[in-house]
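Here is the structure we will look at.
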Amino acid sequence: MELAWYALLGLFFATYLVLGGYDYGVGLSLARAGDPARRRAALTALGPFFLGNEVWLVAAVGILFGAFPTLEGELLSGFYPAVVGALAGVILVTAGVQLRSRPTVAATRARWDRVVVAGSALAALGWGALLGGLLQGVPRHADGHVAGVSHLATPFAAAAGLAMLALVAVHGATFLTLRLPATDAAALGRLARRLVPVALAAVATATVLGLLSDRVRAAAARPLVAVLLPLSLAAALLVARAALDRGRPGVAFAATGAALALPVALVGATLWPWVLVSTVDPAASLSVADAAASGPTLRLLGWLALPLLPALLGFQAMCWWVFRGRTDGRAPVYW
């Protein structure tokens, strides 16, 4: 049962990164769109999906609190800067998108746009650093607590954050290529194609630093998975580049979405059966079974969460169906 809940937690968080990832990617694109009309068009393309995408984060946090209370405590204490930074970014993006439309002064809207850009960067960097920090292990001692937060100040954690930032940027640009009118989408398609090599370089840098890191090698219970999944991520980005070259934004968007989901699978599969690997005392490592709540609690949560996944999937499918196509009413070429 612990494995099922662990997989469900990973599924919800990966889905949040895929859906919320293009929220933050669109937010980052505002830094390049100097024309207020272009910034408004980008946010209009995002608007129908924005709040619904954040629900997946709320659901993932709910599973974490209910099904893995021990892990929740260790994440908040041992990864405090990354978690707070990511959540602060989420709040800034949400506030900026909601409040930028209220003032009528263009300068005030521009300031809110800068808040959205900063929040998008914070969210991407924070979630990337969190995943990188989990993958490289933590200084968890025999008393069951993680000592300090200095373990996040490593080249690998920084590279993981930058890789997530690059992945989010290319995902958001690809989303706009799919959603904006064809005349505006062409420029975003060129931007997305230029961002793919940047994302590949960022992923390659993080992968090399991980392979060279004693911490990552020691924490990886399945080294082969730690190599194969980054290769799969790179392959997804190459598929996205090829699809963009052929004018198939739907395929490119699916590929960049897969690239954002793969880091979660990488962490979960590489560390299993551990969820926190101690770098100072192997006996203090936290397994998935030990981090999970009791059996009766998990069964009760199962009855409560049983309708949640199909409801969320149904809502997301409905949104994409109702608001399918470009913002000018024309359908893009998906395949």
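A few remarks follow.
- Under the condition of being of a type in the set (Ser, Thr, Tyr) and either farther than 14 Å from GLY257 by Cβ or in contact with a Gly (Cβ under 7 Å, 6 or more places away or on another chain) (or both), the residues counted in region 172-187 number 2.
- Taken together, the residues in region 149-186 that are free of Cβ contacts under 8 Å to residues at least 12 places away in the same chain and not hydrophobic (A, V, I, L, M, F, W, C) amount to 2.
- Among the residues of region 75-89, just one is β-branched (Val, Ile, Thr) and open to solvent by less than 20 Å² (accessible area, probe 1.4 Å), namely VAL83.
- Any hit, region 250-271, residues being among the aromatic types (Phe, Trp, Tyr), touching a residue at least 40 places away in the same chain (Cβ under 8 Å), crowded, with 18+ Cβ neighbours inside 10 Å and under 21 Å from LEU9 (Cβ atoms): no
- Condition check for ALA147: touching a strand residue (DSSP E or B) at 6+ places or on another chain (Cβ under 9 Å), open to solvent by 20 Å² or more (accessible area, probe 1.4 Å) and either within 30 Å of GLY325 (Cα to Cα) or hydrophobic (A, V, I, L, M, F, W, C) (or both): yes
- Selection over region 57-115 of residues that are in contact with a Lys or Arg (Cβ under 7 Å, 6 or more places away or on another chain) and at pLDDT 85 or above gives a count of 2.
- Any hit, region 209-222, residues being farther than 23 Å from GLY73 by Cβ, among the acidic types (Asp, Glu), in contact (Cβ under 8 Å) with a residue 40 or more places away in the chain and open to solvent by 10 Å² or more (accessible area, probe 1.4 Å): no
- Of all residues making up region 150-184, the number that are buried (at least 23 other Cβ atoms within 10 Å of the Cβ) and charged (D, E, K, R): 1
- Test for LEU51: is it closer than 24 Å to VAL149 by Cα, at pLDDT below 90 and hydrophobic (A, V, I, L, M, F, W, C): no
- When restricted to residues that are farther than 16 Å from GLY128 by Cβ, modelled with pLDDT of 90 or more and of a type in the set (A, V, I, L, M), region 209-233 contains 1.
The values are calculated or read from the model by the stated rules, or taken from the named source; none is laboratory data. Quantities reported herein were computed from a predicted structural model and do not represent experimental measurements. As a convention, Cβ positions derive from the backbone with ideal geometry for all residues, glycine included, and neighbour counts pool all protein chains shown. Heads up: the accessible areas ignore ligands, DNA and RNA and are worked out on the full protein's heavy atoms, side chains in. Shrake-Rupley method; radii C 1.70, N 1.55, O 1.52, S 1.80 Å.
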